[in-house]
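Below: the structure, in structure tokens.
The values are calculated or read from the model by the stated rules, or taken from the named source; none is laboratory data. Being a predicted model, the structure only gives us computed values, none of them experimental. For neighbour counting, all protein chains shown are included, and Cβ atoms are generated from backbone atoms with ideal geometry for every residue, glycine included. Just so you know, the surface numbers come from the protein's heavy atoms only, side chains and all, with ligands and any DNA or RNA stripped out. Shrake-Rupley method; radii C 1.70, N 1.55, O 1.52, S 1.80 Å.
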Amino acid sequence: MGPVSVRPDCQRQGIGKSLIEAGLRRLRESGAKGCVLVGEPRYYERLGFRNLPELILEGVPPENFLALPFGENTGRGVVVFHEGFGATE
Ligand SMILES: CC(C)(COP(=O)(O)OP(=O)(O)OC[C@H]1O[C@@H](n2cnc3c(N)ncnc32)[C@H](O)[C@@H]1OP(=O)(O)O)[C@@H](O)C(=O)NCCC(=O)NCCS
């Protein structure tokens, strides 16, 4: 998931949390086993995300690579983002 952004004058009203929860619902409905993102741990830990040492995103500090498994199985290995995350236009 990501990046998530809320206009500064609309922040701190729960919009960010609602966007993330809506995204997680869609992922669950699509059959995904979990969600990963690169972000600020202090914000995302409140939503259940945490760093899982068995999941690695190369080039990103572990403390900023966060995961939320949807079941017991957390998975393990090197994570690669969909090529859409690298789009520049
Ligand atoms: C992060 C962001 C999406 C949150 O949106 P929001 O609509 O304000 O979020 P919510 O209303 O659901 O939550 C607000 C809470 O998160 C906290 N928060 C916001 N950004 C934070 C951060 N970087 N670190 C820790 N806490 C943060 C606020 O202090 C607030 O806490 P409170 O409820 O105790 O007052 C928004 O601040 C933003 O667009 N930031 C710039 C872009 C960014 O950093 N995106 C995240 C990386 S993908």
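Here are some notes:
- Residues of the range 1-50 that turn out to be over 24 Å from residue 72 (Cα atoms), surrounded by 13 or more Cβ atoms within 10 Å (Cβ to Cβ) and at pLDDT 95 or above, as a count: 4
- Cβ pairs under 8 Å, 6+ apart, first in the range 51-62 and under 12 Å from residue 78 (Cα atoms) and open to solvent by less than 80 Å² (accessible area, probe 1.4 Å), second modelled with pLDDT under 95 and of a type in the set (D, E, K, R): 54/76; 55/76
- Verdict on residue 19 being more than 15 Å from the ligand (Cβ to nearest atom), out of contact with any helix residue (DSSP H, G or I) (no Cβ under 9 Å at 6 or more places or on another chain) and not in a loop (DSSP other than H, G, I, E, B): no
- Within the range 22-71, considering residues that are more than 16 Å from the ligand (Cβ to nearest atom), hydrophobic (A, V, I, L, M, F, W, C) and part of a loop (DSSP other than H, G, I, E, B), the one nearest to residue 85 (Cα to Cα): 32
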